[in-house]
Amino acid sequence: MHPSQILSETEREDRDRAALRACVVLPAVLLVVTAAYATTRYVVFGPWTSAHIPLYVLNKSFAWSAIVLLALALGLGPAARLWPAHLGNHLWRRRYWGLVGFALATLHIVVSLAILNYGYYRQMFRQAFEFTALAECAMLAGALAWFSLLAPLAASLPGAQSAMSARYWRILQRMGLLALVLGGLHLAYGVPGWFAPSLWYGGLPPITLWSAGAVVLALGIRVLVWLLGEEQGE
């Protein structure tokens, strides 16, 4: 390692403190806001009681926060090309938001499997022990999304970039896009409720709809930047 690349103890502490803030501040804000929304929608206006907050309600927050963080991790780079002055300095946070998003997605899977039954997710079941076809496809998409995230996770490990060719490192990173698309398809089980505002608890849109909006926005920005790049010959 070149001497100029050797960090002092103070510099390492500053780097680690910045990384910790990236992992904690925005994810914590997202969790608080989404948990408040989920509690309002399902407990205050919905049929669920406060006894269901620890798992059923907070699981909505885990899922929503996870997909927003993943959408930010994948959409911030293209967005920074459109607004470099405002977003360029935040690009280094993408890695940490993606890692926390993966952790929350994993937590969502664990909690969901713990309470996956007809009583909690009635719209996903044709009868007590049988999924609907839409629910089966959504569950498959969710499982594939999680496995797809393992690729960018591996590419984010310390030393991974320097140990791999640039081409294959980028391929692993771009697997995150596949994961985001599959994550959007996972939300399909909630589509029937998106078009029935009269059934929305308290008039509040379903969390699956908000989550799908984050996916569409991130992918839309990437497509827009790609089109602009094509037009500019980039």
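The values are calculated or read from the model by the stated rules, or taken from the named source; none is laboratory data. Every value quoted in this text rests on a predicted model; they were computed, and no experiment measured them. Cβ atoms come from the backbone with ideal geometry, glycine included; neighbour counts cover every protein chain shown. The protein model used for the area step is the full one, side chains on, heavy atoms only, and it has no ligands, DNA or RNA in it. Shrake-Rupley method; radii C 1.70, N 1.55, O 1.52, S 1.80 Å.
Quick one: 3J(HN,Hα) in Hz for segment 204-212, Karplus 6.51/-1.76/1.60 with θ = phi - 60°, rounded, Gly and Pro as x.
For segment 204-212, the Karplus curve yields 8, x, x, 5, 4, 5, 4, 5, 4 Hz.
Tell me, what HN-Hα J-couplings in whole Hz come from the Karplus equation 6.51 cos²θ - 1.76 cosθ + 1.60 at θ = phi - 60° for each residue of segment 15-26, using x for Gly and Pro?
So the J values, rounded to whole Hz, are 4, 5, 5, 5, 5, 5, 4, 5, 6, 10, 5, 5.
Sorted by mean Cβ packing within 10 Å, highest first, what order do the peptides 182-193, 50-61 take?
Ranked by mean Cβ neighbours within 10 Å, highest first: 182-193, 50-61.
What translational diffusion coefficient, in µm²/s and rounded to a whole number, does the Stokes-Einstein relation yield for the chain at 10 °C and a viscosity of 1.306 mPa s, taking the hydrodynamic radius as the Kirkwood radius over Cα pairs?
82
If you line up the long axis of helix 133-155 against the longest principal axis of the chain, both from Cα atoms, how many degrees apart are they, to the nearest 10?
The helix 133-155 is inclined about 20 degrees to the chain.
Ignoring ligands, DNA and RNA, what accessible area per residue does the chain give at 1.4 Å, in Å²?
Value returned for the chain: 58 Å² of accessible area per residue.
Please compute the length gained on full extension between Leu228 and His86, using 0.36 nm multiplied by the number of residues separating them and subtracting their Cα-Cα distance.
Difference between extended and current length: 49.2 nm.
Quick one: pull the percent of accessible area on the chain belonging to carbon and sulfur, 1.4 Å probe, ligands and nucleic acids left out.
Using a 1.4 Å probe with all protein chains present, the chain comes out at 68 percent carbon and sulfur.
Order 20-27, 156-163, 114-121 from most to least packed using the mean count of other Cβ atoms within 10 Å.
By packing density, highest mean first, the sequence is 20-27, 114-121, 156-163.
For segment 129-234, what is the largest minus smallest coordinate of the Cα atoms on each principal axis, given in angstrom and ordered from greatest to least?
Its Cα atoms span 52, 40, 23 Å along the three principal axes.
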